Structure formats: C-alpha cells, structure tokens
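Notes follow the structure.
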Amino acid sequence: MKIKVTVNGQLYERDVLEHKTLLRFLREDLGLTGTKEGCGMGECGACTVFFNGKVMNSCMILAVEADGATIDTIEGESRGPSLTDIQKAMEKNNSVQCGFCTPGMVMSIKELLQNKAKPSIPEIKEAIEGNFCRCTGYVQIIEAVLDVTGRSKEKGELKHV
Amino acid sequence: MFDTVKTSDLSHVGKNGHREDTIEKLTGEAMYVSDMLLPGMLHAQLKKSPHARAKIVKIDYSKAAALPGVRAIVTGDELDYRLGLYVVDKRILARGEVRHFGEAVVAVAADTAEQARAAVDAIEVEYEVLPPVLHHMDALKDDAPLVHPELGSYDYMAAAFTPKPGTNIANHTKLRKGDVDKAFAESEWIIEREYSCPSVQHVPMETHVAIVQWGKGDKVNIWSSAQSPFTVRNLFCHAFGLSHSQVRVQVPYVGGGFGGKAGIGIEPLCAVLSRKAGGRPVKFQASREEEFSLLPCRSALTYRIKTGVSATGKIVAQHMTMYWDSGAYADYAVNVTRASGFSASGPYEIPNAWLDAYTIYTNKPYGTAYRGFGHVEFHWAVERHMELVAQAIGMDPFVFRLKNALRPGSLTMTGEEITEHTGNVIKCLEEAAKAICYGNLTDEEKARQKKTGWKIGKGVAALQKAPAMPPFTATSVVLKMNEDGSVLVNLALTDYGQGTYTSVRQIVAERLGFPLEKIKVAFESDTDRDPYDWQTVASKGLLLSGNAAILAAEDLIKNAYAVAGEILHCNVCDLGHDGDKIFIKHHPKKSVSFASMAVGHALPNGNGVGGPLIGVGRYIAQGLSNLNKEDGQGNPAIDWTYGAHGIIVEVCEETGEFHVLKIASVYDVGRAIHPEIVRGQAIGGMLQGLGTAICEGYIYDQQGRLLNPSFTDNKIPTAKDLPLEIECFVVETPQVDGPYGARGVGEHSMISVAPALGNAIQKATGAEIMHMPMRFEDVWRALRHKDPIDNWITKSPIGSCRSAPEARPNG
C-alpha cells in the first residue's frame with residue numbers, strides 16, 4: 001500500500017506492506033535507525049517517536065496508519081552541529097550509559113517540557129515511566145531535566161567519606 | 001599504581017570529564033549491531049522447543065525449504081560441535097533431545113525475516129515428550145532423570161571444576177577451613193536457616209544480536225553485541241577447529257550486557273547458517289521473548305547456612321551448602337558456583353568453615369554470569385542470615401555485623417590475609433547506617449508513621465566481591481600517536497555503557513600529562529586490530545586495563561623521549577614534556593613537538609629519525625592461584641571491593657504493600673576516577689538490585705514452560721519505582737596495585753540491596769522473609785506466618801500470566 005508521511009519535516013512516499021510497523025518502516029525503509037526496538041510489544045518505550053505531535057510507541061503503530069501523518073524521530077533533533085538543550089543537559093549530567101533507551105527517552109522528555117516548563121520530580125518520573133532504562137537507574141536522567149529547567153541545585157552528587 | 005597521590009594533585013583522574021560516547025548515543029547516530037545491514041544479508045529465525053524435555057523423533061523441513069526466499073535450513077543433526085567456556089556442554093542447536101523450553105531446534109535463514117518466520121512455521125518437529133526435572137532440589141534425587149547422561153565425556157577446565165558424571169551435578173566446589181565440628185561443639189548458639197531466589201533475566205535493552213559471514217576459504221567475520229570479542233573468537237575457533245587468524249570479531253556499540261553477553265552466544269548459529277547459505281551474511285536478533293527463554297538467565301539458588309556463635313557474639317563456625325540451579329547448561333554457571341563458594345560468607349571472618357556448592361542441571365533455560373556473579377543471590381541469604389542470627393542471640397544486627405566484619409589481620413575463607421589496603425567494610429557499614437539514622441526513627445519519621453499508619457523500618461547489609469577470573473587473566477592497551485600529536489587508545493575491553501573507556505581516557509591523559517581532548521579511545525572493538533583482552537566481566541576492567549593504560553602511556557613517553565634525545569642532542573634523563581612538546585629541562589626553549597615526531601621526524605637535512613610513536617602496555621593479574629580443589633584454599637582475589645546499603649522502608653501491615661523511602665549506598669572504590677560515572681553505576685545497579693528484590697523472577701508451569709517471558713508479565717523497575725531518596729557515598733582506601741588506587745565497582749551496586757530491604761521490612765513489621773523477590777503478597781504472607789507461595793514453578797497447570805502458552809490465541 002502506498003503511503004505519504006512527513007518525517008522530520010521531509011515528505012516520503014513509499015509502498016509498504018500492510019503488516020509493517022511504523023518502527024520497522026522508519027528503521028528499514030527510511031534508514032532512521034536512531035529509533036530502537038527493545039521489545040516490539042509497546043512496553044519499553046525504546047521506539048518512542050512523535051506521531052502528529054504526541055509521543056507514541058512506534059512498534060504499536062502500523063506504517064499504513066501513518067499515511068498523512070507527521071512523524072518526528074531522534075534524527076530530527078539537533079539539526080546542525082549542536083545538540084538541543086535537552087541533549088546537552090543529558091550529556092552534562094551523565095544521563096547516558098549504553099544509550100539504547102536514550103533516543104526514546106529524549107522524545108518523552110521533549111514532550112514533557114512542551115507541556116510543562118518546570119515539571120516536578122513526580123511529573124518527570126511519570127513522563128518517562130514508559131521508557132525502560134536498565135543501566136542508569138533514571139536518576140541522572142531526571143537530573144538532566146531538572147538542569148535544563150534551571151534547577152541544577154537539586155542534583156545529587158557522589159559524597160566522599 | 002600512583003595510589004598515594006592525592007586527587008587534588010591530579011589533573012584528570014577524580015574529575016567529572018566529558019564522556020566520549022554520549023553525543024552519538026543522544027542523537028541516534030551510534031550504530032549498534034541491531035542497526036546494521038550488510039549487502040546480501042539474510043535474516044535468521046528459529047524453531048524452538050515447546051517442551052522442557054523431549055526426544056526429537058523427526059524433523060521435517062521439506063515444506064519450509066520450498067518456500068520463497070529460504071536460503072538455508074540447519075538442524076542439530078548436522079552440527080557436531082560443542083560450545084563452552086568452563087564446561088563444554090552446549091550444542092549450537094538441540095541434537096537428539098531438547099533440554100529446556102525455548103531451546104533452538106531448527107534454524108532458518110531467508111531473504112527477509114518474514115520469509116524466515118513463514119519457513120519456521122512450516123517446519124514440523126515430532127517430539128517424544130519426557131518428564132522434565134524442574135526444581136534443582138528434585139534434580140539431586142536418586143531417581144531424577146539425567147539432563148546430561150553423557151556429562152562424563154564433556155571437556156571442562158579441570159583445574160577449577162569437578163563435574164559428577166551419572167548425576168545432575170555439573171560442578172561441586174568445596175571449601176574447608178579449620179575444625180568445624182569442634183567449633184560447633186563449643187558454640188553457645190547454633191542457628192540454621194535456608195534462603196532462596198528464582199532465576200532472573202538480565203534485560204539488556206538491546207537483545208542479543210549477531211551478524212556472521214562465513215566467507216570463502218573459511219574466513220569468518222562476526223559482528224556481535226558481545227561483551228568479550230576475544231573470548232567469542234577463542235571459543236568459536238575451538239568449536240569449529242579454525243585458526244584464530246581465520247576469525248575476526250567486531251563489537252560496535254552494545255545496548256547493555258550485565259553478564260548475559262559474556263562468553264559466546266548466538267554467533268555460531270549465524271555462522272552455520274551463513275556457511276550453508278554459501279557465505280551470505282546472516283543476522284539473528286533475539287526477540288524479547290527469546291531473550292528470556294533462548295538466551296541465558298541468572299541461576300536460581302537455595303542456600304542453607306548453619307552458624308555457630310560464641311557467648312560474646314563472634315561467629316566461630318559456619319556450615320554452608322549452596323544449590324545453584326544452572327538450568328539445562330552449566331558452561332558459565334559452574335564458575336558462578338566457584339566464585340560464590342570462595343566468597344560465600346560475605347565480608348565476615350569465619351574461623352571454621354565448611355562449604356559445599358553444587359551447580360545443578362535442570363530442564364530450564366540456562367544460567368550464566370549476571371551482574372554480581374552469584375553475589376546478589378547469596379548475599380541475600382548471608383545478610384538476611386546475619387540479621388536473623390543477631391536476633392536469635394539478642395544482639396543488634398549492626399553491632400553483630402561490626403563484630404564479625406573482616407578487618408586487617410582477618411583471614412578470608414580461602415586463607416587470604418586482609419590488610420589495611422584491602423578496603424574497609426566497617427567504614428562502609430558505619431556510613432550506610434549513619435546515612436539512614438539507623439537504630440531509631442527521626443521525629444519526622446515518627447510523625448509520618450503516625451499519619452499513614454504504615455510502619456517504618458531501617459536495615460543495613462554489607463557486601464563484598466572480587467573479580468571471578470582465571471588467576472592469570474591479562475589485558476593490553478596500545479596507544480598510537482596521530483600526526484597532530486593527539487593519541488588514539490586501542491583496547492579490546494568493551495564499553496557497553498559502564499563508562500570504562502572514559503576512565504581509561506582520563507588515566508591515559510593523566511599519565512601522559514596531556515589535555516583530555518588529545519586522547520580518543522576507539523569505541524568499536526576488533527580482534528583483528530585491538531590488542532588482547534580476556535573478557536569484559538567481573539568488574540576487573542578498570543583495574544587491569546587501567547594499569548595497562550598507565551604502562552602504555554609510560555612506554556609511549558619513553559619512546560618519544562628516545563627520539564627527542566636524538567633530535568635535541570641531549571641525554572634522555574634531562575628531558576621533560578608538556579601536552580605539546582618535549583624539552584630540555586634546563587634549556588626549556590630547546591624543544592621538539594610531539595606532532596613533529598608522531599609519525600617519524602624529519603631532520604633539517606631531510607634525514608629521518610624515529611618512526612610512528614606507539615606505546616604498549618600489558619598487565620596480568622598478580623599473585624593469584626588456583627584454589628585447592630579439596631579445601632578451597634588459595635588466593636582467588638585480585639581486589640575486594642566492599643560496600644554496604646542502608647534502606648528505610650514503610651510497610652502497610654494490613655496489605656503487605658511497602659515503599660522504599662531511602663537507599664544509601666557506600667562502596668570502598670579505592671579512588672573514584674570519574675565520580676559521576678561511579679554514581680551512575682551506584683544508582684543503576686541499586687535499581688537493578690531493587691528489581692531483583694521486589695518483582696523480577698522466572699515463573700514456570702509444571703511442564704517447565706516459562707510463563708512470563710515478556711515485560712508485560714516480568715516487570716523491570718521504571719522511574720516510578722525509584723526510592724524517594726538516594727544517597728551515594730564512596731570510601732577511598734587506595735588499592736595499592738590499582739590504577740591511581742582504583743578498584744572495580746560495576747557489579748557491587750546490585751549486591752545486598754535485597755537483604756537491606758528484607759532487614760528493613762523485618763525491622764518495621766517483624767516479617768521474616770526468606771525468599772526473594774519480596775512482592776507485596778510475600779510480605780503479607782510472612783506477616784501472617786504463612787509459608788511463601790512457591791509459584792516459581794507454579795502448582796497450576798496454567799499460570800495466571802497473560803502470555804502463558806495455552807492462553808495465546810495462535811498456540
């Protein structure tokens with residue numbers, strides 16, 4: 001089936017199989033491999049993208065459902081040489097370990113900050129609850145959000161005793 | 001090395017420098033094997049066993065072979081190879097018999113994954129179902145079916161392991177110290193209890209994935225999400241009888257490992273498909289369900305401890321029996337048993353000790369290394385036991401721990417003497433206790449307790465772990481100077497998120513006296529281009545590779561000085577350097593830049609001197625020995641990292657629900673090379689440890705089918721599961737032979753979280769929990785003195801899980 005879909009501001013027209021997920025369409029047909037597959041069952045959030053302005057698990061959407069839609073993926077962030085403010089804060093706050101959950105995490109944080117300029121810690125936790133991370137224990141990710149919203153003082157640190 | 005230099009006198013070590021791998025990971029540019037496509041690449045899918053134990057009567061793949069796009073089908077019958085690091089007991093595909101639910105039976109490679117899946121569906125396998133042996137304690141019974149009747153014919157590392165042919169015991173580790181019988185006879189108290197925990201999945205966010213191309217002339221190229229490229233190569237060559245020069249393993253970015261990607265995994269499977277498909281590259285990526293049931297997990301444990309205590313509260317004797325459930329294959333699990341055996345008492349002095357640790361085969365998915373290498377599981381037992389023993393003898397558990405903790409002059413169970421440089425577990429315990437105001441409730445906590453009606457309790461637990469590795473484990477680092485005087489670091493230790501490369505970079509910059517920006521650690525590992533490293537496991541990476549990096553830096557400087565002496569016509573001993581140049585110390589203006597010597601120096605007349613500047617560093621573990629197989633005595637530990645966790649919990653006695661209000665962690669890391677990375681390891685491991693403590697675990701039905709191989713039914717902690725407050729501390733007792741005094745801490749953060757929580761719950765409510773995880777219903781039952789529900793092998797034929805095989809619409 002033919003679909004027209006705008007990804008990161010660029011219009012693509014492609015023939016896709018009806019059962020192909022949006023995730024696989026992005027990764028395999030468009031080569032946008034920044035969006036990851038962690039479970040394929042809508043549980044882990046590694047495949048989080050913006051679908052018509054809202055974050056969704058792209059493994060739970062068929063590519064044909066994206067006909068006419070606007071999709072934003074991690075590749076659409078930080079166009080040009082520098083990182084976005086969220087990415088910079090995550091870099092600064094050691095928020096990345098293996099990095100496999102990171103693109104999805106960036107998208108969820110972006111949506112959070114679009115809706116709320118200064119989210120509380122429980123609100124940050126709620127926003128990234130659907131993004132599993134096995135490495136970091138989330139704290140340094142949460143601290144990046146605090147940092148980018150001007151609350152770096154709430155950050156913890158390693159104490160030497 | 002350089003263990004006594006103060007952190008304030010160092011330029012890079014001890015500072016929070018930039019992490020080199022972050023930008024590509026934040027932008028999605030970092031390429032993992034799961035992102036890779038090669039020209040002509042085929043996709044593999046597997047036909048897996050629906051039974052825990054069955055004879056394979058017949059495999060018919062004629063229909064599958066005729067389907068479009070199918071390029072190769074392989075069964076176990078045509079693969080006469082065995083794989084394994086310590087006990088060579090695993091085949092690439094099941095042959096003759098399947099030994100666990102989810103085991104690979106037939107493999108298909110096709111042009112697309114859909115075609116491969118359709119072919120798998122068209123394969124018919126006829127089984128004769130056999131009664132499985134599921135519980136490891138049942139597997140020890142005389143009439144238990146043998147999981148490996150041919151165990152006696154397997155190769156194994158005889159210096160370290162003792163399989164028992166004719167039984168389900170893959171290894172028996174013994175430790176004997178002192179006179180246990182006499183000491184028990186003289187004990188004032190004897191307390192005996194049993195503790196247990198189920199199998200658990202590592203859950204790397206990137207499932208296992210490999211691409212293999214078996215080219216003409218038997219040249220094999222492997223790209224894998226592996227922790228240990230050289231061990232993959234070595235075991236691969238042994239299995240297939242290939243020369244090491246014929247096989248190349250490359251490891252790009254890896255989406256988490258936690259031990260599950262140590263050793264060898266799915267690479268041989270892709271290789272035999274590629275060979276059969278005429279050399280086209282074949283990719284296999286495990287689905288999340290396959291990650292649970294096809295790939296290895298953490299072994300379950302039953303641990304029985306009997307402790308004799310003197311009238312003054314000193315432990316005088318301990319009898320310990322560990323029953324480790326390795327599942328269907330024990331290759332790696334035997335070493336978990338061995339390493340747990342020599343550390344089995346935790347960081348306490350046991351003058352008279354008797355230990356038997358068994359690795360037991362069952363018909364379940366198989367066990368392997370998992371962050372902590374057995375220590376998460378047995379510290380659950382040891383640190384709950386310390387609590388219960390203290391309670392039984394009427395002593396405060398914290399005081400009881402301090403009284404028995406290892407200190408300078410103590411002998412470990414293997415007879416190693418603890419010195420003042422070994423690390424300080426007592427300080428770790430004290431700081432953890434202090435951080436949670438152990439022993440009493442603050443006014444705020446009292447008010448909270450009054451308001452909510454939930455009981456607040458506090459618990460501590462200590463931990464220890466040394467790297468579990470062959471005593472001669474070695475590594476190497478090569479530094480190559482680029483044309484502009486910057487330096488490239490090559491090493492085959494892999495960095496799958498833990499941040500070791502960042503620390504190695506700091507160490508190289510520190511020793512060279514260069515700015516950090518001039519040092520790059522090449523991220524992808526490649527057995528054809530990188531110098532050898534054994535494996536990225538055991539929290540040994542920073543210590544061994546950090547030392548090799550120091551030696552490589554010294555070698556590079558020595559080589560550069562030799563050239564500079566020639567150019568400047570002076571004695572090498574009169575030279576000094578900064579980040580750009582080498583100069584004569586008493587005539588600093590007489591200098592030569594590193595850049596002008598980096599790839600060979602041209603004298604004014606055009607004569608060349610020197611050559612490309614390279615530094616080589618090799619480091620091998622020092623002073624370690626094989627343990628005596630009869631009494632376990634010897635020196636297995638290059639370094640002991642000690643630590644402790646303190647937890648505050650509030651519990652609802654009516655429902656068994658609880659919240660973790662605070663966790664404090666303290667580790668004696670020797671020196672924190674990069675404090676934020678240490679903190680990242682501390683928190684990440686703590687939450688993984690909390691997952692093990694509160695919710696994770698494999699559940700089987702009575703036929704041995706795994707009922708919860710998904711995130712729907714087997715949750716891992718999310719951001720909402722975080723404790724309200726987390727505090728991370730380090731003690732820094734320098735490791736004399738560690739790089740700048742550092743020792744490893746990658747695994748330790750996961751250890752002893754569970755017992756600290758169990759102890760806190762007991763303190764709050766009196767609930768005695770002996771099995772982890774501690775789900776709310778387990779707390780509720782313990783509070784009512786009901787036996788725990790042993791639903792890890794559920795009594796009902798169909799479990800309550802939505803993904804139970806019978807409950808699935810398409811079988």
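The values are calculated or read from the model by the stated rules, or taken from the named source; none is laboratory data. Since we're looking at a predicted model, the values are computed, not measured. So basically every Cβ, Gly included, is an ideal-geometry build from the backbone, and we count neighbours across all protein chains shown.
Regarding B:ALA560, is this residue in contact with a Gly (Cβ under 7 Å, 6 or more places away or on another chain), of a type in the set (Gly, Ala, Ser), assigned to a helix (DSSP H, G or I) and at negative phi?
Criteria not met by B:ALA560.
Going by what's in this entry, would B:GLY279 be described as within 14 Å of chain A (Cβ to nearest Cβ) and in contact (Cβ under 8 Å) with a residue 24 or more places away in the chain?
No, not satisfied.
Yes/no per residue for (1) within 11 Å of chain B (Cβ to nearest Cβ); (2) among the basic types (Lys, Arg); (3) more than 30 Å from B:VAL678 (Cβ to Cβ):
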{"position": "A:LYS20", "(1), (2), (3)": "yes, yes, yes"}
{"position": "A:ARG24", "(1), (2), (3)": "yes, yes, yes"}
{"position": "A:GLY31", "(1), (2), (3)": "yes, no, yes"}
{"position": "A:ILE74", "(1), (2), (3)": "yes, no, no"}
{"position": "A:PRO81", "(1), (2), (3)": "yes, no, yes"}
{"position": "A:PRO103", "(1), (2), (3)": "yes, no, no"}
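Among B:ARG371, B:ARG407, B:ARG384, which is the only one that is buried (at least 24 other Cβ atoms within 10 Å of the Cβ), at pLDDT 95 or above and over 30 Å from B:VAL87 (Cβ atoms)?
B:ARG384 is the lone residue from the list that is buried (at least 24 other Cβ atoms within 10 Å of the Cβ), at pLDDT 95 or above and over 30 Å from B:VAL87 (Cβ atoms).
Taking the range B:713-748 as the search range and keeping residues that are of a type in the set (Gly, Ala, Ser) and out of contact with any Ser or Thr (no Cβ under 9 Å at 6 or more places or on another chain), which one is nearest to the other protein chains (Cβ to nearest Cβ)? Give the derivation first.
Taking the range B:713-748 as the starting set, the residues that turn out to be of a type in the set (Gly, Ala, Ser) are B:719, B:738, B:741-742, B:744, B:746.
Subsequent filtering for residues that are out of contact with any Ser or Thr (no Cβ under 9 Å at 6 or more places or on another chain) retains B:719, B:738.
Working: B:ALA719: 4, B:GLY738: 17 Å.
Residue satisfying both the conditions and the ranking: B:ALA719.
Would you kindly identify the strands (runs of 3 or more DSSP E) lying entirely within the range B:173-286 that contain at least 2 residues that are among the basic types (Lys, Arg)?
Per the criteria, no element qualifies.
The rows are residues; the columns are (1) buried (at least 23 other Cβ atoms within 10 Å of the Cβ); (2) not in a loop (DSSP other than H, G, I, E, B).
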{"residue": "B:LEU493", "(1), (2)": "yes, no"}
{"residue": "B:GLN498", "(1), (2)": "yes, no"}
{"residue": "B:THR502", "(1), (2)": "yes, yes"}
{"residue": "B:ILE507", "(1), (2)": "yes, yes"}
{"residue": "B:ARG511", "(1), (2)": "yes, yes"}
{"residue": "B:PHE523", "(1), (2)": "no, no"}
{"residue": "B:ARG529", "(1), (2)": "no, no"}
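So, B:HIS18, is that one under 30 Å from the mean Cα position of the chain (by Cα), within 14 Å of another protein chain (Cβ to nearest Cβ) and part of a strand (DSSP E or B) or not?
no
Just to be sure, is B:GLY423 within 25 Å of the chain's Cα centre (by Cα) and crowded, with 20+ Cβ neighbours inside 10 Å?
yes
Can B:VAL249 be described as in the same structural domain as B:ALA65 (by TED's automatic domain parsing) and either touching a residue at least 12 places away in the same chain (Cβ under 8 Å) or touching a Pro at 6+ places or on another chain (Cβ under 9 Å) (or both)?
yes
Output the helices (runs of 4 or more DSSP H) that fall wholly within the range B:353-460 and possess 2 or more residues being under 28 Å from B:ILE726 (Cα atoms) and more than 14 Å from every other protein chain (Cβ to nearest Cβ), or say none.
B:375-393, B:397-404, B:443-452
Which residue pairs have Cβ atoms under 8 Å apart, sit 6 or more places apart or on different chains, and have a first residue in the range B:124-139 that is more than 18 Å from B:TYR329 (Cα to Cα) and a second that is among the polar types (S, T, N, Q)?
Pairs that qualify, where the first residue is more than 18 Å from B:TYR329 (Cα to Cα) and the partner is among the polar types (S, T, N, Q), are B:TYR127/B:SER49.
Scan the range B:80-132 for residues that are closer than 20 Å to B:GLY704 by Cβ and not in a strand (DSSP E or B) and report the count.
Residues meeting the conditions: 13.
Take the conditions at pLDDT below 95 and either farther than 30 Å from B:VAL5 by Cα or not assigned by TED's automatic domain parsing to the domain that holds B:MET686 (or both) and apply them to B:THR765. Does it pass?
It is false that B:THR765 is at pLDDT below 95 and either farther than 30 Å from B:VAL5 by Cα or not assigned by TED's automatic domain parsing to the domain that holds B:MET686 (or both).
Does A:GLY150 qualify as being more than 7 Å from chain B (Cβ to nearest Cβ), over 21 Å from A:PHE50 (Cα atoms) and not in a helix (DSSP H, G or I)?
Yes; evaluated as a whole, the condition is true for this residue.
Of the residues B:ASP80, B:ASP111, B:ASP60, which single one is in contact with a strand residue (DSSP E or B) (Cβ under 7 Å, 6 or more places away or on another chain) and closer than 25 Å to B:ASN363 by Cβ?
Matching residue, one of B:ASP80, B:ASP111, B:ASP60: B:ASP60.
Restricting attention to the range A:111-141, and to residues there that are touching a residue at least 40 places away in the same chain (Cβ under 8 Å) and more than 7 Å from chain B (Cβ to nearest Cβ), which single residue is surrounded by the fewest Cβ atoms within 10 Å (Cβ to Cβ)?
Top of the filtered list is A:GLU111.
When the range B:445-483 is examined, which residues are found to be under 30 Å from B:HIS601 (Cβ atoms) and touching a Pro at 6+ places or on another chain (Cβ under 9 Å)? Steps first, answer last, please.
Initially, the range B:445-483 is screened for residues under 30 Å from B:HIS601 (Cβ atoms), giving B:476-483.
Within the range B:445-483, B:SER476, B:VAL477, B:VAL478, B:LYS480, B:MET481 qualify.
Working only within the range B:673-689, note down all residues that are at the interface with chain A (Cβ under 7 Å from one of its Cβ atoms), aliphatic (A, V, I, L, M) and either at positive phi or in contact with a strand residue (DSSP E or B) (Cβ under 8 Å, 6 or more places away or on another chain) (or both).
B:VAL678, B:ILE683, B:MET686
Could you check how many residues of the range B:82-114 are of a type outside the set (D, E, K, R), modelled with pLDDT of 95 or more and within 30 Å of B:LEU37 (Cα to Cα)?
13
Pairs only if they're at least six apart or on different chains, beta carbon under 6 angstrom, first in the range B:17-37 and over 20 Å from B:ARG679 (Cα atoms), second surrounded by fewer than 22 Cβ atoms within 10 Å (Cβ to Cβ) and small (Gly, Ala, Ser); list them, first residue then second.
B:THR27/A:SER78
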